[in-house]
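What follows is calculated from the coordinates using simple rules that are stated; it is not laboratory data. Every value quoted in this text rests on a predicted model; they were computed, and no experiment measured them. Neighbour counts run over all protein chains shown; Cβ positions are idealised from the backbone, glycine included.
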């Protein structure tokens, strides 16, 4: 019985040092993200940058770049009129681009990118989602200027 108790204690308390380091690094990264997103003057430019790194506009199309680099890359082009929306709650903000399928009530083929996993207040969600929406409108407005 004593051997089982020691083994159980070790399993509960003797974690892999790499796992503990990974957890510590993730906690530090989350704290930095929270700090960045807590100030509107730093959050807006950062969110705009994240959107612009993922989505561009070219000759009437929204270009979504999933990842770049040779020999592997992935991108998708959609008409500038493709529906999109910003979702925000107390734990994250996401941007989704894709066609809505009324039959299923879901996006038929969509691309979603988490823009932040910071903890947001309702007021932050409203103001930061509006900033991301303005950036998307700026990107897709390229259709009328070309």
FRET efficiency estimate (nearest 0.05) - Cβ-Cβ, residue 114 to residue 18, R0 25 angstrom: 0.50
For the pair residue 75 and residue 63, how long in nm is the line joining their label points, each one 7 Å along Cα→Cβ? 0.3
Mean Cβ count within 10 Å, highest first, over the residues of peptides 57-70, 37-50: 37-50, 57-70
What is the gain in length, in nm to one decimal, between residue 91 and residue 25 on full extension, counting 0.36 nm per residue of separation less the C-alpha to C-alpha distance? 21.9 nm
Bins of 5 Å from zero: percent of alpha-carbon pairs in region 40-145: 2, 12, 22, 22, 19, 15, 7, 2, 0
